[in-house]
Amino acid sequence: MSRRAENIEAFRSIFFDNWPYKALTFCFAVVTWALVQSQQVVEERMRVRIEWALPDGLVPVEAPLETTTVTVAGIQTLMRTVRPGELVLPIDLSAAREGDATVDLAEHAIRGLPNELRVVSINPGTLRVQLDRVLKRRLKVEARLKGDPADGYAVREVLVSPDRVDVTGPASVVRTLESVSTADIDVTGTHEDADFDVGLSLARGGNLRLSKPGPVTVSVRVASTLRTRVYTGVPVVVRGGRYTAEVASVDVTVEGPEAAVAELRSDAVSVLVYAPDDFVEPVGDARWTAAAADGLRFEVLGVSAPLRVTGVSPDTLHVVAAPEVTP
């Protein structure tokens, strides 16, 4: 037998000689490993919900802790049967009085945890709860606005419905409140009346609640802050020397923010009549236009954004040929 054949035979004998015995040995090893693994002691951290039982007429000044973290030790197979979402730590303070109460969480059994498992640690392990009398007050609702309306507009009125709500909580906190604010209402760029449905924002740190939770309606009314000014005696000039206007001046109405209107001087405003090059008639009517146009027309000069011209009186100018100048 060749050397190569001998190696193949030796390799085959390793796996197939006495195979029932080798299979049984393998199965025994697997079972032993699984048994050892199932009996192995492990530790796991779990979140546990705290369930509070409080005395009638008393309430914590601060919102009580709702969950805590526990480290549990036990055999692995039993640990796998625990459902963290079903673990509850009942804390009974129904016999406590007004004032401070200290709770040692380790003294309370965790509901839903098998007795064979052991609690190694609880974090936090001790809680301090301050109990106070329950007080209910009706408070005014104040709208909290942020941002500024569009240029030329301002908030004129703010209405809230309902304008008062009942707030319940610890007396030491409720007594200090003068009102309840809404969530932020953004009025940036607003140029017309608008209604907003918003929630209420209770004071942080106080264990407060609303008797009727839900949004309130805030109606924001805006008004124009634009100012109108009439500039009288604004001079009329006809472009070129071939024609002239029968009216030497007009009245111009300008609208815009109050500060900008106040800064516009009377001598900075003028009216320019445009006579097209092909205009050959001896007379014609030039009409006011706020935009580019063709033909015989006139425009107001010296008024620019944020100001605008809202009217010219008269809005039609009679244009005639200029008298000839004799040498």
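Considering only residues in the stretch 97-120 that are in a strand (DSSP E or B) and in contact with a Lys or Arg (Cβ under 9 Å, 6 or more places away or on another chain), the one that is nearest to Val158 (Cα to Cα) turns out to be Asp100. Could you go through the stretch 226-238 and let me know if any residue there is basic (Lys, Arg), within 30 Å of Pro314 (Cβ to Cβ) and either at pLDDT 90 or above or in a strand (DSSP E or B) (or both). Within the stretch 226-238 (the criterion being basic (Lys, Arg), within 30 Å of Pro314 (Cβ to Cβ) and either at pLDDT 90 or above or in a strand (DSSP E or B) (or both)), the answer is yes, since at least one residue qualifies.
Is there a residue being over 20 Å from Trp288 (Cβ atoms), in contact with a Pro (Cβ under 9 Å, 6 or more places away or on another chain) and not assigned by TED's automatic domain parsing to the domain that holds Val167 anywhere in the stretch 242-261? Talk me through it step by step, then tell me what you get.
The first filter runs over the stretch 242-261 and keeps only residues over 20 Å from Trp288 (Cβ atoms), leaving 242, 257-260.
Now drop any that are not in contact with a Pro (Cβ under 9 Å, 6 or more places away or on another chain), which leaves 257, 260.
Checking the rest, the ones that are also not assigned by TED's automatic domain parsing to the domain that holds Val167 come to 257, 260.
Yes, because at least one residue in the stretch 242-261 is over 20 Å from Trp288 (Cβ atoms), in contact with a Pro (Cβ under 9 Å, 6 or more places away or on another chain) and not assigned by TED's automatic domain parsing to the domain that holds Val167.
Determine whether Glu43 is touching a strand residue (DSSP E or B) at 6+ places or on another chain (Cβ under 7 Å), in a strand (DSSP E or B) and modelled with pLDDT under 90. Answer is yes for this residue. In the stretch 280-294, is there at least one residue being at pLDDT 80 or above, within 44 Å of the chain's Cα centre (by Cα) and surrounded by fewer than 12 Cβ atoms within 10 Å (Cβ to Cβ)? Checked against the condition, which is being at pLDDT 80 or above, within 44 Å of the chain's Cα centre (by Cα) and surrounded by fewer than 12 Cβ atoms within 10 Å (Cβ to Cβ), the stretch 280-294 yields no hits at all.
Has the stretch 150-171 got any residue that is free of Cβ contacts under 8 Å to residues at least 60 places away in the same chain, closer than 30 Å to Pro306 by Cα and of a type outside the set (Ser, Thr, Tyr)? Within the stretch 150-171, one or more residues are free of Cβ contacts under 8 Å to residues at least 60 places away in the same chain, closer than 30 Å to Pro306 by Cα and of a type outside the set (Ser, Thr, Tyr).
Among the residues of the stretch 165-194, which ones are surrounded by 12 or more Cβ atoms within 10 Å (Cβ to Cβ) and over 23 Å from Ala63 (Cβ atoms)?
From the stretch 165-194, those surrounded by 12 or more Cβ atoms within 10 Å (Cβ to Cβ) are 165-174, 177, 180-185, 187, 190-191, 193-194; that's our starting set.
Hits for the stretch 165-194 are Ile185, Val187, Thr190, His191, Asp193, Ala194.
Residues that are without any contact (Cβ under 8 Å) to a residue 40 or more places away in the chain, assigned by TED's automatic domain parsing to the domain that holds Val303 and buried (at least 16 other Cβ atoms within 10 Å of the Cβ): does the stretch 230-238 have at least one? Yes, that holds for at least one residue.
Residues that are out of contact with any strand residue (DSSP E or B) (no Cβ under 7 Å at 6 or more places or on another chain) and touching a residue at least 40 places away in the same chain (Cβ under 8 Å) within the stretch 114-134 comprise just one, Pro114. If you go through the stretch 205-226 and pick out every residue that is touching a Gly at 6+ places or on another chain (Cβ under 9 Å), β-branched (Val, Ile, Thr) and surrounded by 18 or more Cβ atoms within 10 Å (Cβ to Cβ), you end up with 1. Going by what's in this entry, would Thr71 be described as polar (S, T, N, Q) and modelled with pLDDT under 90? Considered against the rule, which asks whether it is polar (S, T, N, Q) and modelled with pLDDT under 90, Thr71 comes out as no.
The values are calculated or read from the model by the stated rules, or taken from the named source; none is laboratory data. Computed from a predicted model, the values in this text were never measured in an experiment. As a convention, Cβ positions derive from the backbone with ideal geometry for all residues, glycine included, and neighbour counts pool all protein chains shown.
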